[in-house]
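Working notes, structure below.
Values in this text are rule-based calculations from the coordinates and carry no lab data. Only a predicted model underlies this, so the values are computations on that prediction, with no experimental measurement involved. So basically every Cβ, Gly included, is an ideal-geometry build from the backbone, and we count neighbours across all protein chains shown.
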Amino acid sequence: MTTALLDRNTQRTGFFHKSEYVIMVVVLLVVAAILYIDAQGPQQVGWSSFALGTFAAIALTLIGAYYRRTYKGAAWLGKSALAIALGSLLGMLMGIMFHLQMPRPEPVLTDAMLALDAWFGFHWPDAVAWVAGIPYLGTFLRYVYLSSLYQIIFLVATLAWLQRDRDVDALILTNGFGLMLVYVVWQAFPNISQSTYFPIPHDVAQAADLMTNSPYGGLILEYATNGLAVVTMDSLLGAVAFPSYHMVMCALVVIFAWRTFLFWPYLIINMIMIPAILVHGAHHVADILGGIAVTLVAMIPAYLVSNYCHRSL
């Protein structure tokens, strides 16, 4: 097995494919935007706190590109590493972008989103209290909620192993474009988590093993009201309510798992993910619908780019 993995590739190409260069350009454009906003102030970026993650992503990108190009049997491993590294780097940079936009204006759409929740019969504090009343349910939903990133990583590796590089690149691009679209919507319609205006009693939050609890909501509210003097890796929070980026990841893995052995397991776990997002993410029903819409819209340019870049490969 080890020998097969290290078989040399006799048909060598460049270290990167066209679509990967596109992702790198997108990364550089986001970096340029961050540098510009950072220079304007008053918020600053604590670059040293992001150094380890940045260097790790760059190193993984280079190692992945080398193995994909050099070793035929390890090409899928190299492709996986490269895609995950670039996607993670873009995600980290967009996290900085979101937090550089603090403080936020007065939230809008809150009344409309609460009205839609009521129409669906959903009330976040009541949902948390219901989950808290069932032993271990909150913890189970917490683990489901935390599984999104691992699902993406495993799906990327699976698609690369199946030699579906076009889909790997489209997945990473969809995720990146989805994050950018969430950012644009958030700029147009400022909003923050329900945990900032619906306090949950400590004992209820503890019984539900709640992630987005009142102290977490207090931090988000502090960011939204006063901003951050310095944006660091430790200060990054899930501040955006509408549309839900967590739901973007949820829809992403189900769609891209189609025609793989992961589809049905992913469909089941991500159906459970929806109540997990509503409860642990303190989201509105509208946030879920918005996340699905963002994914579908982001897939269009992602596949256009990926199909164009792979048509001559």
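A few comments on the model shown:
- Taking the stretch 178-216 and a reference point 7 angstrom along Cα→Cβ of Phe120, the backbone N atoms nearer than 15 Å belong to 194.
- Computed from Cα positions, the angle between helix 110-120 and the longest principal axis of the chain comes to roughly 90 degrees.
- The modelled label-to-label distance for the pair Tyr36/Asp234, using points 7 Å beyond Cα in the direction of Cβ, is 3.2 nm.
- Added length on full extension, which subtracts the Cα-Cα distance from 0.36 nm per residue, Ala56 to Asp111: 15.5 nm
- Top positive-direction residue, dipole computed over the chain with Cβ charges, set Ile63, Ile134, Leu237: Ile63
- Angle between the chain longest axis and helix 263-280 axis [Cα atoms, degrees, rounded to 10]: 30
- 5 angstrom amide H check on Gln44, placed H, neighbours 5+ away: Val230, Val231
- Of the residues Val297, Leu173, Thr158, the one whose Cα sits farthest towards the positive end of the charge dipole of the stretch 2-310 is Thr158 (charges of +1 on Lys and Arg Cβ, -1 on Asp and Glu Cβ, taken about the Cα centre).
- Taking Cα atoms only, the orientation of helix 214-226 departs from the longest principal axis of the chain by about 80 degrees.
- In plain terms, the chain from Val184 to Phe261 could stretch by 24.3 nm, reckoned as 0.36 nm per residue minus the Cα-Cα distance.
- For the stretch 203-282 versus the stretch 145-162, the gap between their alpha-carbon centres in whole angstrom: 17
- Label of the coordinate-derived value, Rg and Dmax of the Cα atoms in Å, listed as [x] 20.4, 64; [y] 22.0, 68; [z] 18.6, 57: [x]
- Rounded to the nearest 0.05, the FRET efficiency derived from the C-beta distance between Leu289 and Lys72 at R0 = 41 Å is 0.40.
- Each of the trypsin sites (Lys or Arg not before Pro) that DSSP puts in a loop and that has at most 16 other Cβ atoms within 10 Å breaks the chain; the longest unbroken stretch is 13-258.
- Neighbour net charge for Leu210 - beta-carbon separation under 12 angstrom, K R +1, D E -1: -1
- Given +1 at the Cβ of Lys and Arg, -1 at the Cβ of Asp and Glu and no other charges, the dipole of the stretch 158-286 around its Cα centre is 360 debye to the nearest 20.
- Summing +1 for each Lys or Arg and -1 for each Asp or Glu among the other residues whose beta-carbon sits under 15 angstrom from that of Gly133 gives -3.
- Gained length - Leu29 relative to Asp203, 0.36 nm times residue gap less alpha-carbon distance: 58.1 nm
- For Tyr71, the amide hydrogen comes within under 5 Å of the amide hydrogens of Asn9, counting only partners 5 or more places away or on other chains and with H modelled in the peptide plane.
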